[in-house]
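Derivation of every value follows stated rules applied to the coordinates shown; laboratory data play no part. Remember, predicted model here, so these are calculated numbers, not experimental data. A quick note on method: Cβ atoms are made from the backbone with ideal geometry, for glycine too, and the neighbour counts reach across all protein chains shown.
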Amino acid sequence: MIRSFLILFFTIFVLIQTVQAADPFESTVCVSGTMTMLHNSEEIMVAGIELKGPVRSNTNSEILNNASEMCVGLFYRMGKEITQSGYCKYLYPNEDINIIEWHGGASDGEWKFLSGTGKWEGIKGGGTYSVIQRVKSIAPGTFQNCRMIKGTYELPK
């Protein structure tokens, strides 16, 4: 009986030590983007998009702070319904990288971590994003906006 209790106790102790709680964060990214039109009519629009800009933390977290963002994706509109999806790379000053996948609608959506290097190796997590500001394009074929990125992440011990 005591032996079974000790085995159970040590098993739970080991599992608790290896499970790390997810850390929440919030960041803002402001980007400039270009759109490569595949087709544009009243009925349907399909375009490739590329975004670039800096990211800063709103919660004093290291994750997605002081990084450069580059995203590529697809923009699809059928009637009034808009769908977007793609991938982003975040490059930190020390050259560590995060790769994420995202999908959503016209102004918001979801994302998840796919990969990380250096400090972020083995990262897991994800969250939501939402457009918080759109401004008039400064040049033809470009657009600018700012997004709020919220989520959680976990690193292996």
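In the chain, the calculated helix contribution to ellipticity at 222 nm averages -3500 deg cm²/dmol per residue, counting -39,500 (n - 2.57) for every DSSP H run with n ≥ 4. Take the cross-link list LYS112/LYS136; LYS112/LYS150; LYS52/LYS89 and give me the ones stretching past 19 Å between alpha-carbons. Checking Cα-Cα distances, LYS112/LYS136 exceed 19 Å. Here the mean projected area of the convex hull built on the C-alpha positions of the chain is 12.3 nm². Amide H contacts under 5 Å for ILE123: GLY116, restricted to partners 5 or more places along the chain or on a different chain, H placed in the peptide plane at 1.01 Å from N. Here the Gaussian network model covers the chain, with springs between Cα atoms less than 10 Å apart; of ALA21, ALA47, ALA67, ALA21 fluctuates the most. Dipole of the chain (Lys/Arg Cβ +1, Asp/Glu Cβ -1, origin at the Cα centre): which of ILE132, MET37, GLY86 lies farthest to the positive side? Comparing the listed Cα positions along the dipole, ILE132 ranks first. Given springs between every Cα pair under 10 Å in a Gaussian network model of the chain, which of GLY122, GLY141, GLY109 has the largest fluctuation? The residue that fluctuates most here is GLY141. Compared with the dominant principal axis of the Cα atoms in the chain, helix 2-18 is inclined by about 30°.
Partner aspartates and glutamates whose Cα lies under 14 Å from the Cα of LYS157, excluding those fewer than 8 positions away in the same chain, are identified as ASP23, GLU121. Exposure proxy ranking for SER41, SER115, based on other Cβ atoms within 10 angstrom of each Cβ and starting from the fewest, stands as SER41, SER115.
Within the chain, the longest run free of GluC sites (Glu not before Pro) that sit in a DSSP loop with at most 13 other Cβ atoms within 10 Å is 44-94.
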